[in-house]
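> Quick one: this structure, given as structure tokens, is what I'll be asking you about.
The values are calculated or read from the model by the stated rules, or taken from the named source; none is laboratory data. The structure presented is a predicted model; accordingly, all values stated were derived computationally and were not measured. FYI the Cβ positions are ideal-geometry reconstructions off the backbone, even for glycines, and counts take in every protein chain you see.
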Amino acid sequence: MEVIRSKTMGFCMGVKQVVDLAHECLRIAKDKGVPAYSIGWFIHNQRVVKQLADLGLRHIERPEEGVPGVALIRAHGITDVLRQEFIDAGYELIDGTCRNVASSQSIIRNTGKNTLVVVAGIAGHSEVVALSGVTTTENILVPTVVVQSVEAVQNLPDDPKTVILMTQTTLPALDYRAILQAMKDKYGTALRIGNHLCAGALRRNKALLELCETVEAIVVVGGKNSANTAALVRLVEEFGLPAFHVESALEITEEMRSFNCIGLTAGTSTSQHDIDDVYSELKGVSR
């Protein structure tokens, strides 16, 4: 069986940065003799999380869940209120927020008072939570409305003076384009576009669609709770090919090996080690 790898897959820029910073967090904490934490799950990769947990990186959601130490902010970012709560509690923060997300938060922070801020994204996704939790320099929460569909756009206020559309940077492109068009139809020249989809995610999608043209099925490697991995699976299915979502090489089945030619891609939290393991298992080669 031939296994063809996608030209673009695996760790994105933001995830690479936050994994490096996780090791830095551990080093600083060790030097200071204090605990090391990640605020929320910093990566949807059980193997990497376990490796760093074994080295002493503990996952917490709130400052009261630990004693003050060194804490890593995940790539998706956190709300300004939560950030301040950790600072007030005596934690030293290492900011692993993806620069695209940090830029989006800055845009929201500097939005005028009479502007309706709409966030296109998956409700409850950690990046959307971070974008919906931005405060001004006067520590006032910037009001936002989250929309997840074209239907939700129709329920927005009809006559704000100005509207700014922010988006979850990893939102599936088809969903984003549909919401963007609905916003343009509703608000016309009153609409401002605040940010855009992650360029890396768009390159990943383009490479996957090119791969779909040459194979019979696709194996997508990534965490089962990873939204961007689920979006890759959906993209394959919408193309019309069988898609197999696996988290590790242990999930490879004989059905996946039954194709003459199968493609391989991976989500942004999937390491090269995990990709190589799955590739070897598909090929029946021990590593």
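Here is a yes/no grid of residues against (1) at pLDDT 95 or above; (2) out of contact with any Ser or Thr (no Cβ under 8 Å at 6 or more places or on another chain); (3) within 24 Å of E127 (Cα to Cα):
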site: K184; (1), (2), (3): yes, yes, yes
site: A199; (1), (2), (3): no, yes, yes
site: V215; (1), (2), (3): yes, yes, no
site: H245; (1), (2), (3): yes, no, yes
site: M256; (1), (2), (3): yes, yes, no
site: C261; (1), (2), (3): yes, no, no
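> Here are some conditions: (1) in contact (Cβ under 8 Å) with a residue 40 or more places away in the chain; (2) touching a strand residue (DSSP E or B) at 6+ places or on another chain (Cβ under 7 Å); (3) part of a loop (DSSP other than H, G, I, E, B). L211 meets all but one. Which one does it not meet?
(3)
> Restricting the search to segment 223-243, which residues are at pLDDT 95 or above and assigned to a loop (DSSP other than H, G, I, E, B)?
Within segment 223-243, G240, L241, P242 meet the criteria.
> Failed condition for K113, given (1) under 30 Å from L156 (Cβ atoms); (2) part of a helix (DSSP H, G or I); (3) among the charged types (D, E, K, R); (4) modelled with pLDDT under 95, with all others met?
Failed condition: (2).
> Out of segment 153-174, which residues are part of a loop (DSSP other than H, G, I, E, B) and either more than 27 Å from the chain's Cα centre (by Cα) or among the aromatic types (F, W, Y) (or both)?
P157, D158, D159, P160, K161
> Among the residues of segment 92-104, what is the count of those that are within 17 Å of H59 (Cα to Cα) and either surrounded by fewer than 22 Cβ atoms within 10 Å (Cβ to Cβ) or hydroxyl-bearing (S, T, Y) (or both)?
So the answer is 5.
> Of the residues that sit in segment 181-209 and are charged (D, E, K, R) and within 21 Å of L156 (Cβ to Cβ), which one is surrounded by the fewest Cβ atoms within 10 Å (Cβ to Cβ)?
Filtering segment 181-209 for residues that are charged (D, E, K, R) and within 21 Å of L156 (Cβ to Cβ), the one surrounded by the fewest Cβ atoms within 10 Å (Cβ to Cβ) comes out as D185.
> Could you list, in sequence order, the residues of segment 106-139 that are surrounded by 14 or more Cβ atoms within 10 Å (Cβ to Cβ), more than 19 Å from C198 (Cβ to Cβ) and of a type outside the set (A, V, I, L, M, F, W, C)?
Within segment 106-139, T111, T115, G133, T135, T136 meet the criteria.
> Go through (1) in a helix (DSSP H, G or I); (2) within 23 Å of the chain's Cα centre (by Cα); (3) in contact (Cβ under 8 Å) with a residue 24 or more places away in the chain one by one and return the number of the condition N195 breaks.
Failed condition: (1).
> Right, something else. When the residues of segment 7-52 are filtered to those that are part of a loop (DSSP other than H, G, I, E, B) and polar (S, T, N, Q), which remaining residue is surrounded by the fewest Cβ atoms within 10 Å (Cβ to Cβ)?
T8
> Considering I60, I28, I43, I73, which residue is in contact (Cβ under 8 Å) with a residue 60 or more places away in the chain, touching a Ser or Thr at 6+ places or on another chain (Cβ under 9 Å) and either among the hydrophobic types (A, V, I, L, M, F, W, C) or closer than 24 Å to E127 by Cβ (or both)?
Only one candidate qualifies: I43.
> Can you confirm whether V219 is without any contact (Cβ under 8 Å) to a residue 24 or more places away in the chain and not charged (D, E, K, R)?
Spelling it out, it is not the case that V219 is without any contact (Cβ under 8 Å) to a residue 24 or more places away in the chain and not charged (D, E, K, R).
> Across segment 53-91, what is the number of residues that are of a type in the set (D, E, K, R), surrounded by fewer than 16 Cβ atoms within 10 Å (Cβ to Cβ) and under 25 Å from T137 (Cα atoms)?
So the answer is 4.
> Could I ask something else about it? Can we say K50 is under 26 Å from L232 (Cβ atoms) and either aromatic (F, W, Y) or in contact (Cβ under 8 Å) with a residue 12 or more places away in the chain (or both)?
It is false that K50 is under 26 Å from L232 (Cβ atoms) and either aromatic (F, W, Y) or in contact (Cβ under 8 Å) with a residue 12 or more places away in the chain (or both).
> While we're here: If you take the residues of segment 31-76 that are touching a Cys at 6+ places or on another chain (Cβ under 7 Å) and small (G, A, S), which of them is modelled with the highest pLDDT?
Per the stated criteria, the residue is A36.
> So V142 passes all but one of these: (1) over 17 Å from the mean Cα position of the chain (by Cα); (2) within 23 Å of A199 (Cβ to Cβ). Which condition number does it fail?
(2)
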